[in-house]
Amino acid sequence: MGAVKKIKQYCLALLALLLIAAGIFAVYIKKNETSKIDVAKVRLQVNQYQQQVRKALSGETAKESLLKETKELPFLKEVMVIGLDGTVVFSDGEAPYKQGEQYPLDELSGVEKEQVVNGVYSYRAPIVIEGKMTEVLLLTVETKEFRSSNKEEKMYFLAVMLLFLVIAFLLLYEQYRLKKDLFEPVEYLHEATRQILNGTYDKPLHYSYSDEIGSLCKDFEYMRSELEKSNREQERMATKEKELLACISHDLKTPLSGILGYVEGIGNGIVTSKEDIKGYCDIIIRKVKLQEKLIDDILEETKTELNQMTFEMETVYSKEFFDSAVEEMSLEVREKHMSLTVEPFPQYLITIDRKRMMQVLYNLINNAVKYSNEKGTIHIRSFLNEQASPKELVITVEDNGKGISAVDLPFIFDKFYRGEKARTQDIPGSGLGLNIAKYIIEKHGGHMECDSILGEGTTMMFSIPLK
Ligand code: ADP
């Protein structure tokens, strides 16, 4: 049985118990009512009436006036005046014996008697005229109107009944509130959880609770939006990886077909002159190098993924290291008829993996070449950032090439991410270079950033902390 049903049944049971208790209380009050008759008041009335009877019987007043008198006292239920021989001298109301009838004398044992039974007051007293008992007066009184003290009791009774009613109302209200504040949101959360389990993450939870349930809903909503984000990210990555696979296949296949064509040309004797054969070989070498770079990138990325890239750290002088590294790469830049300007590197002791740092610099210069037009310029600068703690050596590689759109910029360090221009203009690449470069720089304790304006150029920047 569900919790809602249980609580509902519990509340209903409590309500039933309350009603039973109220019933028992009402019966109890009703029963006790009779004993609370104001007997003194009854007595006073009865004594006055008794005097009237005495006066009528002694001839002080007319007998007819007694009947009138009796009729005027509605609380008198039965009235009988019985002679000493048992003859009913006067009878009125619901009296069982009428005037002139014979009253069983044995029922008159003991003359004076007063009692209250079931709310009815009965009275029996002798009528004494001139010192002699002449008749016996028998009467019963309906005591309803002599229950003046019951007013207080009624108030008490009403107050208790009102209390019962208030408790019953509170019970019902509590049941309603429990349903509204607890069970409905729980059911709502349950439904939302089921949706998440079924893989629907994009339905936000709408709630207006501000209590504990509200903060539970808030946490739930936070969890849902995080799941939604990570799900979207997973979907995005899955699409990217598929795209990459298609790209890599294309990038691997295209040069291969070219290489095959050139080798066949040489093999079939179509190309005979020494110069042509050399030209073909140069193209083949370039294409093979591209293939090699692509395969290297994929292998390196696998290593970063598995955190298996090894670093052989050495402490070197920055000026010597960067001067020779840039020198090595300058050939490639010049080959593309681009100009490379380098501001003098400052001299600091830096702890780096030479090979990996070369790889980073090569990637940045290579990208600047790849994404620039012929005769573009590449400018390398370096400076000490004294604000950082520890101080760091900052290197920037600036080009005036194609630039990166604002849409692509936040993602260029993501693995497999290739900018729109790289994809559409068939520029070879894997979208892994910057991801690997950033990984290497971060492993050195530094950081890497990019600033770019589409159509104006790009500035790539990385830092190396000085220890
Ligand atoms: P890729 O193999 O595609 O060059 P990278 O990780 O090196 O992969 O670069 C990611 C993307 O960043 C590139 O596809 C390109 O869109 C953009 N990019 C990187 N460097 C530059 C640059 N100097 N100028 C313009 N775009 C760049």
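Taken together, the values in this text are just the output of simple stated rules run on the coordinates, not laboratory data. Given the structure is predicted, the values throughout are model-derived calculations rather than measurements. For neighbour counting, all protein chains shown are included, and Cβ atoms are generated from backbone atoms with ideal geometry for every residue, glycine included.
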(message) Explain nothing, just compute: Karplus ³J(HN,Hα) = 6.51 cos²θ - 1.76 cosθ + 1.60, θ = phi - 60°, for every residue of segment 379-391 in order, whole Hz, x for Gly and Pro.
(response) 10, 10, 10, 8, 7, 9, 8, 7, 6, 6, 10, x, 4
(request) May I ask you to derive the FRET efficiency for Glu72 and Lys132 from their Cβ-Cβ distance with R0 = 22 Å, giving the value to the nearest 0.05? (result) 0.15
(request) Count the net charge of all other residues whose Cβ sits under 11 Å from the Cβ of Gln195, scoring Lys and Arg as +1 and Asp and Glu as -1. (result) +1
(request) List, in order, the whole-Hz ³J(HN,Hα) value for each residue of segment 158-167 obtained from phi through the Karplus relation with A = 6.51, B = -1.76, C = 1.60 and θ = phi - 60°; use x for Gly and Pro. (result) 4, 4, 5, 4, 5, 4, 4, 5, 4, 4
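Compute for segment 226-365: radius of gyration divided by Kirkwood radius, i.e. Rg/Rh, restricted to C-alpha atoms, rounded to two decimals.
1.09
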(message) Using all alpha carbons of the chain, what is the percent of pairwise distances in each 20 Å bin, ordered from the shortest bin to the longest?
(response) 16, 23, 14, 10, 9, 9, 13, 5, 1
(message) So if each residue of separation counts as 0.36 nm, and I subtract the Cα-Cα distance between Leu84 and Thr254, what length gain in nm does that give?
(response) 46.6 nm
(request) Between Leu189 and Met155, with labels modelled 7 Å along Cα→Cβ, what's the label distance in nm to one decimal, could you check? (result) 5.0
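Mind scanning Lys289/Lys355; Lys303/Lys370; Lys229/Lys415 and naming the pairs with a C-alpha gap bigger than 22 Å? Each step should come with its number before you reach the end.
Numbers: Lys289/Lys355 18 Å; Lys303/Lys370 25 Å; Lys229/Lys415 18 Å.
Listed pairs above 22 Å: Lys303/Lys370.
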(request) List the residues whose amide H sits under 5 Å from the amide H of Ser372, counting only those 5 or more places along or on another chain, with H placed 1.01 Å from N in the peptide plane. (result) Lys402
(message) Spelling out what I want: for every residue of segment 395-404, take phi, set θ = phi - 60°, compute 6.51 cos²θ - 1.76 cosθ + 1.60 (Karplus), and round to whole Hz; glycine and proline get x.
(response) 10, 10, 10, 10, 10, 10, x, 5, x, 10
(request) Name the long-range amide H neighbours of Ile129: under 5 Å, sequence gap of 5 or more, or other chain; modelled H, no Pro or chain starts. (result) Thr134
(message) To make sure I understand, if each residue's beta carbon is the centre and we count other beta carbons within 10 Å, what order do Ile427, Ile248 fall in, fewest to most?
(response) Ile427, Ile248
(request) Determine the equivalent ellipsoid of segment 187-250 by diagonalising the alpha-carbon gyration tensor, then write out the semi-axes as square roots of 5 times the eigenvalues, largest first, rounded to whole Å. (result) 35, 11, 6
(message) Run the Debye formula on the Cα coordinates of segment 328-463, all scatterers equal and no solvent, and tell me log10 I(q)/I(0) at q = 0.11 1/Å.
(response) -0.38
(request) With label points built 7 Å along Cα→Cβ from the Cα atoms of Leu163 and Thr459, find their separation and express it in nm. (result) 8.3
(message) Using the basic label-point model (7 angstrom from Cα toward the beta carbon), what is the Glu327 to Leu171 distance in nanometres?
(response) 9.7
(request) Would you mind calculating the gained length between Val39 and Leu12 on full extension (0.36 nm times residue separation, minus the Cα-Cα distance), in nm to one decimal? (result) 5.3 nm
(message) Compute the helix-to-body angle for 184-197: its Cα long axis versus the longest principal axis of the chain, expressed 0 to 90° and rounded to tens.
(response) 30
(request) Using the charge dipole of segment 53-176 (Lys, Arg: +1 at Cβ; Asp, Glu: -1 at Cβ; taken about the Cα centre), state which of Ser122, Leu66, Val89 has its Cα farthest towards the positive end. (result) Leu66
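On average, how much area does the Cα convex hull of segment 222-305 cover when viewed from any direction, in nm²?
If I average the Cα hull's projected area over directions, I get 7.0 nm².
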(request) May I ask you to work out the translational diffusion coefficient for segment 127-237 at 37 °C, viscosity 0.692 mPa s, via Stokes-Einstein with Rh from the Kirkwood sum over Cα pairs, reported in whole µm²/s? (result) 158
(message) Let's test the formula: R0 of 25 Å, r as the Cβ-Cβ distance of Tyr348 and Lys375. What FRET efficiency results, to the nearest 0.05?
(response) 0.15
(message) I'd like to know which of Asn366, Ala325, Ala406 lies farthest towards the positive end of the charge dipole of segment 304-445, counting +1 on Cβ of Lys and Arg and -1 on Cβ of Asp and Glu.
(response) Ala406
(message) Could you tell me the calculated FRET efficiency between Asp106 and Ala26, based on Cβ-Cβ distance and R0 = 60 angstrom, to the nearest 0.05?
(response) 0.90
(message) Just want the ordering: Cys11, Cys281, from fewest to most Cβ atoms lying within 10 Å of their own Cβ.
(response) Cys281, Cys11
